[in-house]
Each structure stands twice: as C-alpha cells, then as structure tokens.
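Each remark here refers to the structure printed beneath this line.
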Amino acid sequence: MNGQWTIGIIGGSGLYAIDGLEAAEWREIPSPWGAPSDALLFGRLGAVNLVFLPRHGRGHRISPADINARANIDALKRAGCTDILAISSIGSLQEQHEPGRFVVVDQFIDRTVGRASSFFGTGMVAHVSMAEPVCPRLSAIAADAVAAAGGKVTSGVTYVAMEGPQFSTRAESLLYRQWGADVIGMTALPEAKLAREAELPYALIGMVTDYDCWREGHAHVDVAEVIAQAQANAALAARTVTEFVRLLPAERTPSPIDTGLDVALMTAPAARDPALVARLDAVAGRALRR
C-alpha cells in the first residue's frame, strides 16, 4: 500500500529545532522504556508530517552514554513515524572529510559498551539483520538534500560509534583509520539498531566538526572547536531538512524494512513473556499480532 510520509527527525549537536514548521506543537510522549530525551515537536512542512526529537535534549543536557535510545525510538514509533532521518555531529578519520562537510553513513562499527542495544531479550527473543544498517532510499534522498542545500556531501561512509564521553586517544584514532573507518561519533548506536528493530527505515547525515586526533603535528580536538563548527553546520542542516522533505516522493511506497520482524522473531508464542510483549506494543505490535 502507498501512504503518507511521517518523518522522525533526530537532531544532534547543533540542530535543536526545525524552522518553518506549520502547526508546531511540543508534546510529551510517554514510553514504557523510560523517558525520551525531550518532548517531541510535531508539525508539517508542506504535505509532510514531521516529528522532531533533540537527541541530547534542549540545551544539550544529556551525555551520549546516558541517552535513552530505546525510549527515543519507541516514542517516535508511537508518534506515528514511518521513517527516521538522524543528524549528528561527528569527527573525521580521513583527510578528505574536512570540517564543514556532511556525510551520509552507509555502515557502522560498534565500539560502545554498557548501552541497552535491543528492545528484545529473555522472554521475547528476536534477531534482526544489520548487514545493511541504513535505508538506501532515505540515504539517497539525504545526499541529494545536502547538495540541494548548498553543502558538500560524501555518501557511503563508515561510522565508528565510540562510548565517550571522552574523545579518542591517538592510538585509537589511528586504529580506526586502519580499519577503514571514515568518521567517528558517540550517538548513532544503538540508535540505528533500535530503529531497525522497530521497523523504521533509518538514514544518518553526519556533520563533520573536526579531524579527531590522528593527524600528527596538529592540535587535538577540543570542545570549543566542536561547538564552533557545529554552530556553523546548523544552518546547513536546517536547509537540508527542508530540501529532504521537498525531495520525498509524493507517496510513500513500502520498504522491506517495514516488515523486517516477520523473519526475526524467535520465541514461540506460548513461551513469550507477557510483560515484555506488553512493552513491545509499539515497536513490534504489528509482527507480534500476526
């Protein structure tokens, strides 16, 4: 079935609001997974519904490791989102990804520890595929949107997700370069994994703020540098969201990600934990009712 787009926008460092929203309204969306980072901003750009969530909360009050990604994704699903466009500040691990450039992420390497990375567990086991962790349809539109907004963009990059909140050691930064990684950040995982479990197609635009610390003879990254470049990137990010909405097809055709749980649920119905199933009503209710 064709349908209407409702795009969830997860804004990272430097993007804390969406300009030009019609009928804009902040709403609290309760989640059985805890408190989301903030209230959600509902509105429209033209014919497209948008739901904006500031990943760190307004005022950037939540540290990367303390972001409740499960509650964030669950709340966006409950808000009726069909797809997610995430925007995040990142460091560069390659010379060609200079500060101010935007990248569209294609792959992830997960170096986080101690974060709740799944909605599923004992009593309701599921295994989703993350071989291709982003939605190619959304990613292509995202790249075109950055270019239309006047930005420099590179697609198909690999993102290393680190725990933080400290920046990398030089040895770590050099190791990630050896692995073939392009950029580094602290927030995209488990966010992208949880979006896949919630059957929400996901794309990530990374806004390069710095060169991390791998370059010999150059000053290491510091917060002042990151903040200054994030602020410089913010206007381009806002224009990119507007262009992204403009480039969406008039009707949303189905994505294979919409029904990904059909081949992921492992636990037999009679063995499922009712309490966990109840918490999964938004993210997995469609598949659990089959």
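The values are calculated or read from the model by the stated rules, or taken from the named source; none is laboratory data. Keep in mind the model is a prediction, meaning the values are calculated, not measured. Neighbour counts run over all protein chains shown; Cβ positions are idealised from the backbone, glycine included. Calculation scope for accessible area: heavy atoms of the full protein, side chains included, ligands and nucleic acids excluded. Shrake-Rupley method; radii C 1.70, N 1.55, O 1.52, S 1.80 Å.
Shape call for the stretch 202-252 from the C-alpha gyration tensor, a ≥ b ≥ c root eigenvalues: rounded (a/c under 1.5), prolate (a/b greater than b/c) or oblate?
Working: a/c = 4.75, a/b = 2.57, b/c = 1.85.
Cα axes put the stretch 202-252 in the prolate bin.
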* Please identify, among A192, A140, A224, the residue showing maximal mean-square fluctuation in a Gaussian network model of the chain using a 10 angstrom Cα cutoff. => A224
* Principal-axis tilt of helix 136-148 within the chain, Cα atoms, nearest 10 degrees -> 40 degrees
* Environment charge at I109 (Cβ cut-off 13 Å; Lys +1, Arg +1, Asp -1, Glu -1) -> -2
* Can you pull the percent of Cα pairs in the stretch 1-154 with separation above 28 Å? -> 24 percent
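May I ask you to rank S63, S88 by accessible area, largest first, using a 1.4 Å probe over the protein chains only? Could the numbers behind the result be given before it?
On the way: S63 40, S88 5 Å².
The most accessible residue leads, giving S63, S88.
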* Structure fact -> Treating every alpha carbon of the stretch 142-266 as one equal point scatterer without solvent, the Debye formula yields log10 I(q)/I(0) values at q = 0.13, 0.22, 0.23 Å⁻¹ of -0.70, -1.37, -1.40
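To one decimal place, what Kirkwood hydrodynamic radius in Å is obtained for the chain from all pairs of distinct Cα atoms? Let's see the in-between values first.
Working: mean 1/r = 0.0520 Å⁻¹.
Computed over the chain, the radius equals 19.2 Å.
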* To do: With a 1.4 Å probe and every protein chain left in place, work out the accessible area per residue of the chain in Å², rounded to a whole number.
  => 42 Å²
* **Cα long-axis angle, helix 69-78 against the chain (0 to 90 degrees, to the nearest 10)** => 50 degrees
* Among 260-271, 25-36, 200-211, what's the highest-first ranking by average C-beta atoms within 10 angstrom per residue? -> 200-211, 25-36, 260-271
* To do: Can you tell me how much longer the chain between R177 and E28 gets when fully stretched, taken as 0.36 nm per residue apart minus their C-alpha distance, in nm with one decimal?
  => 49.5 nm
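Taking all protein chains in place and a 1.4 Å probe, what share, in percent, of the accessible surface of the stretch 232-290 do carbon and sulfur account for? Walk me through the numbers before you get to the answer.
On the way: 1890 of 3160 Å².
For the stretch 232-290, the apolar C and S fraction of the accessible surface comes to 60 percent.
Stick to Cα atoms and the Kirkwood definition of Rh, then tell me Rg/Rh for the stretch 215-282. Intermediate values should be presented prior to the final figure.
Details: Rg = 22.5 Å, Rh = 17.8 Å.
Ratio value, two decimals: 1.26.
Whenever you get a sec, compute what percent of the accessible area on the stretch 1-70 sits on carbon and sulfur atoms (1.4 Å probe).
Numbers: 1530 of 3070 Å².
C and S atoms contribute 50 percent here.
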* Structure fact -> Scaled by the rule-of-thumb 2.2 N^0.38 Å, the alpha carbon Rg for the stretch 68-194 gives a ratio of 1.12
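Give a quick list of trypsin sites (Lys or Arg not before Pro) in the stretch 51-155 that DSSP marks as loop, anything other than H, G, I, E or B, with at most 12 other Cβ atoms within 10 Å. Working shown, then result.
Numbers: sites: R55, R58, R61, R70, K77, R78, R101, R111, R115, R137, K152; in loops: R55, R58, R61, R101, R115, K152.
Listed in order of number, the matching sites are R61.
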* Structure fact -> Candidates V245, V221, V103; GNM for the chain (alpha-carbon contacts under 10 Å) flags as most fluctuating V221
* Asked: By how many nm would the segment from A275 to A232 lengthen if fully extended, with 0.36 nm per residue of separation less the alpha-carbon distance?
  -> 10.9 nm
* Taking each pair of different alpha-carbon atoms in the stretch 121-193 once, compute 1/r for the pair, average those values, and report the inverse of that mean as the Kirkwood hydrodynamic radius in Å to one decimal. => 14.9 Å
* To do: Could you state the angle between the C-alpha long axis of helix 188-197 and the longest principal axis of the C-alpha atoms of the chain, as a value from 0 to 90 degrees rounded to the nearest 10?
  => 20 degrees
* Full-stretch length increase - R58, T122 - with 0.36 nm per residue and alpha-carbon distance subtracted -> 19.6 nm
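Scan the stretch 196-290 for GluC sites (Glu not before Pro) in coil per DSSP, keeping those whose Cβ has at most 15 other Cβ atoms within 10 Å, and list them by number. Don't jump to the answer; show the numbers that get you there.
Values: sites: E197, E199, E216, E225, E243, E251; in loops: E199, E216, E251.
Within the stretch 196-290, the qualifying GluC sites (Glu not before Pro) (loop, at most 15 other Cβ atoms within 10 Å) are E216, E251.
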* Structure fact -> Candidate cut points under chymotrypsin sites (Phe, Trp or Tyr not before Pro) in the stretch 146-194, DSSP loop plus at most 16 other Cβ atoms within 10 Å of their own Cβ, are W179
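Could you work out the helix-only [θ] at 222 nm for the chain, with each DSSP H run of four or more residues adding -39,500 (n - 2.57) and the total divided by the number of residues, to the nearest 500 deg cm²/dmol?
Details: 7 runs with 77 residues, N = 290.
Here the helix-only value at 222 nm equals -8000 deg cm²/dmol.
Please find the FRET efficiency linking D19 to S129, where r is the Cβ-Cβ separation and R0 is fixed at 51 Å, and quote it to the nearest 0.05.
Working: r = 36 Å, r/R0 = 0.72.
Efficiency computed from Cβ-Cβ geometry: 0.90.
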* Tally the DSSP beta bridges in the chain and give the antiparallel ones as a percent, rounded to 5. => 35 percent
